[in-house]
Amino acid sequence: MSTIVAISTAPGVGGIGIIRMSGDECFEILDKIFVPKNKTKIESYRIKYGKIIDTEKNEEIDEVLVSYFVSPKSYTTENMCEINSHGGIIVMNKILNECLKNGATLAEPGEFTKRAFLNGRIDLSQAEAVIDVINAKSNIEAKASMKQLSGSLSQKINTIKKKLIDIMVDIEASIDYPEYDVEEVTNEKAIKSIDEVLKDLKKLEDSFEDGKIIKEGIKTAIIGTPNAGKSSLLNTILDEDRAIVTEIEGTTRDTIEEFVTIKGIPLKLIDTAGIRQAKDEVEKIGIEKSKEHIKNSDLIIAIFDTTKELKQEDIEILEMIKDRNAIIVLNKEDLNNNVLENKSEIINTNKKVIKISALKKTGIEDLYEEISKLFNINKLQLEDGQFITNVRHKNSIKNSIKKLEKSKKTILDNMPIDIISIDIKDALEELGKITGDSVSEDIIKEIFKKFCLGK
């Protein structure tokens, strides 16, 4: 493979920048552009101090520290180095260009991790976990991603695959040695093993609901009539003026989405347009989008102005949340004019009612406590359980379950034993898509396109 190079740190000004290089000619290229303080033998996991030079002008570009990783003890399993320079796009680009001028090629997004996968250091599920660790938005997501990166999902899938391979071995034996008349015993054993595998796979499939929350956050719609305090509540939770707040009704014409972590719980907050009879086409579109978010949300925070009597639009909102995961928030408690607290329409929803003042920032902790009770995400046993957070993995598991259920039906219908093996092979192939054993080149390309340069 060619020797690849890329800047691995984020663009912009920083204390240090890292230029990563990997491939057979890595050290030869480095030797042309790097003048170490002390010329010593290259050793893995060692750092040398020195200077990067412009090979054409023989001028110093920067003083650096270079980390050496000798094959196979590197991220890619190839010869690799990381040039630690001063931060700043000018300096890093100059060093990058020196590497390119002297024989390296610019890496594609995710190509270092792709090489780690192709060279067998990690499997495909672990490679996907790398980008999940980078993009983690909460402690629990980072923890789940690190668990997958360490190979926990791979181990689980490989254990399941081993059970299916054992079934295949028994089936092949009964086909090769029909004189021993073991087909009935093989069928009974196969059904028992398939049931065990189905139990494991369905447990993984069911874990996706929790895994989706871990990765994407709890989709939380803040709804209410105009000027109930939706945008004020969003700003209070975010602790910044993210949404425009005025006394003019209908200020929010479109949805505003922000990610926040509350008591360890990841929330995807959506501030929606006030629900009322639209006064123009733009507001109408905003209100329709609000209603769509209400349908698709995991949690609804329905906010009401506690100083005003319920209007028809408020009644409609209470009807919308009747069968949903929702919290009722009575805002403007600081005005001491609570006319809604004992309203039967609110009490009859059987939803938790929280009194707050978004302006004074009181009662917000009570809201956080209620969210924490509704989504007890911090008690998810990441140490003991395995959570599927990736839609691709979920679909492969779902398809594998279908194939195994079909194979079980084939056995119960007394079909020829060699027919049974077809669906089991298909189930194995689906599971192989998770670890990368039977995945197409197109899928591999799509996965690594999501990565940043230098990773």
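None of the figures in this text is laboratory data; all of them are computed from the coordinates on show. Nothing here was measured: the structure is a model prediction, and the numbers come from that model. Cβ coordinates were reconstructed from backbone atoms using ideal geometry, including for glycine residues, and neighbour counts include every protein chain displayed.
Using a simple spin-label model with points 7 Å from Cα along the Cα→Cβ vector, what separation in nm is obtained for Gln155 and Tyr45?
2.2
Using the Cα gyration tensor of the stretch 4-107, with a ≥ b ≥ c the square roots of its eigenvalues, what is the shape: rounded (a/c below 1.5), prolate (a/b larger than b/c) or oblate (neither)? It would help to have the intermediate numbers written out before the result.
Working: a/c = 1.39, a/b = 1.23, b/c = 1.13.
Rounded shape, in that the Cα axes give a/c under 1.5.
If you take the charge dipole of the stretch 4-107 about its Cα centre, with +1 on Lys and Arg Cβ and -1 on Asp and Glu Cβ, which of Met80, Val5, Thr40 is farthest toward its positive end?
Thr40
Give, as a single signed number, the net charge of other residues whose beta carbon lies under 11 Å from the beta carbon of Glu78, with Lys and Arg counted +1 and Asp and Glu -1. List each step's numbers first, then the result.
Working: positive: Lys73, Arg115, Arg121; negative: Asp24, Glu25.
Cβ neighbours under 11 Å give a net charge of +1.
Could you tell me the center-to-center distance, by alpha carbons, between the stretch 70-134 and the stretch 189-210 in angstrom?
Each part reduced to its Cα centre gives a spacing of 38 Å.
Could you work out the relative contact order of the chain? I mean the mean sequence separation of Cα pairs under 8 Å and 6+ apart, divided by the number of residues, in percent.
On the way: 780 pairs, mean separation 72.3, N = 455.
Reported relative contact order: 16 percent.
Once you have a ≥ b ≥ c as the square roots of the Cα gyration tensor eigenvalues for the stretch 39-181, tell me rounded if a/c is under 1.5, and otherwise prolate or oblate according to whether a/b is larger than b/c. Can you show the working numbers first?
Values: a/c = 3.46, a/b = 2.37, b/c = 1.46.
Since a/c reaches 1.5 and a/b is larger than b/c, the shape of the stretch 39-181 is classed as prolate.
How high is the relative contact order of the stretch 1-61, in percent, counting Cα pairs under 8 Å that sit 6 or more residues apart? Can you show the working numbers first?
Numbers: 64 pairs, mean separation 14.7, N = 61.
Relative CO of the stretch 1-61 lands at 24 percent.
Which order do His293, His86 fall in if you start with the one that has the fewest other Cβ atoms within 10 Å? Numbers along the way, then the final one.
On the way: His293 21, His86 16.
Placing the least packed residue first, the sequence is His86, His293.
Taking amide hydrogens as modeled 1.01 Å from N in the peptide plane, which residues meet the under 5 Å criterion relative to Ile16, leaving out close sequence neighbours?
Hits under the 5 Å cutoff: Gly87.
Based on the Cβ-Cβ distance of Asp418 and Lys73, what FRET efficiency does E = 1/(1 + (r/R0)^6) give at R0 = 45 Å, to the nearest 0.05?
Values: r = 46 Å, r/R0 = 1.02.
Efficiency, from the Cβ-Cβ distance: 0.45.
Using Cα positions and a limit of under 19 Å, work out the lysines in reach of Lys48, with same-chain residues fewer than 8 apart set aside.
Partners within reach: Lys32, Lys37, Lys39, Lys73.
Between Glu365 and Glu257, what is the label-point separation in nm under the 7 Å Cα-to-beta-carbon projection?
Label at Glu257, label at Glu365, 3.3 nm between them.
Please work out the C-alpha center-to-center distance from the stretch 414-455 to the stretch 326-356 and express it in whole Å.
52
How big is the charge dipole of the chain about its Cα centre, in debye rounded to the nearest 20, if each Lys and Arg gets +1 on its Cβ and each Asp and Glu gets -1 on its Cβ? Working shown, then result.
Numbers: 68 positive and 80 negative charges, 193 e Å.
Dipole magnitude for the chain comes out near 920 debye.
Among Glu370, Glu82, Glu196, what is the fewest-to-most ranking by other Cβ atoms within 10 Å?
The fewest-first ordering by Cβ neighbours comes to Glu196, Glu370, Glu82.
Order these peptides, 413-421, 198-206, by their mean beta-carbon neighbour count within 10 angstrom, highest first. Each step should come with its number before you reach the end.
Details: 413-421: 14.3, 198-206: 15.9.
Result, highest mean first: 198-206, 413-421.
Which of the residue pairs Lys156/Lys398; Lys162/Lys189; Lys219/Lys322; Lys161/Lys425; Lys311/Lys343; Lys162/Lys445 have a Cα-Cα distance greater than 20 Å in the structure shown? Could you put the intermediate results ahead of the total?
Working: Lys156/Lys398 15 Å; Lys162/Lys189 15 Å; Lys219/Lys322 18 Å; Lys161/Lys425 10 Å; Lys311/Lys343 12 Å; Lys162/Lys445 28 Å.
Where the Cα-Cα span goes over 20 Å, the pairs concerned are Lys162/Lys445.
With an 8 Å cut-off on Cα pairs and a minimum separation of 6 or more residues, tell me the relative contact order of the stretch 4-107 in percent.
Numbers: 224 pairs, mean separation 38.2, N = 104.
Normalised by residue count, the contact order of the stretch 4-107 is 37 percent.
Based on DSSP H runs of at least 4 residues, each adding -39500 (n - 2.57), what is the mean residue ellipticity at 222 nm of the chain after dividing by all its residues, to the nearest 500 deg cm²/dmol? Intermediate results must be reported in sequence, preceding the final value.
Values: 16 runs with 209 residues, N = 455.
Roughly -14500 deg cm²/dmol at 222 nm, from the helical runs in the chain.
Determine, for each peptide in 88-94, 387-393, 299-305, the mean count of other beta carbons within 10 angstrom over its residues, then list the peptides with the highest first.
Details: 88-94: 16.0, 387-393: 21.4, 299-305: 24.1.
In decreasing order of mean packing, 88-94, 387-393, 299-305 become 299-305, 387-393, 88-94.
Scan the chain and note any complete DSSP helix (H) whose C-alpha atoms cover at least 30 Å along its axis and whose Kyte-Doolittle average is -1.0 or more.
Values: long enough: 152-176 (36 Å, 0.11); 183-206 (33 Å, -0.91); 391-412 (32 Å, -1.06).
Taking the DSSP H segments of the chain (at least 30 Å long, mean hydropathy at least -1.0), we get 152-176, 183-206.
Taking other Cβ within 10 Å of each residue's Cβ, how do Ile347, Ile222 sort, fewest first? Display every interim value, and only then the final one.
On the way: Ile347 12, Ile222 29.
In order of increasing Cβ crowding within 10 Å: Ile347, Ile222.
Can you tell me the length gained on complete extension of the stretch Glu429 to Asn350, counting 0.36 nm per residue apart and subtracting the Cα distance?
Values: separation 79, 0.36 × 79 = 28.44 nm, distance 4.81 nm.
Result for the pair: 23.6 nm of gain on full extension.
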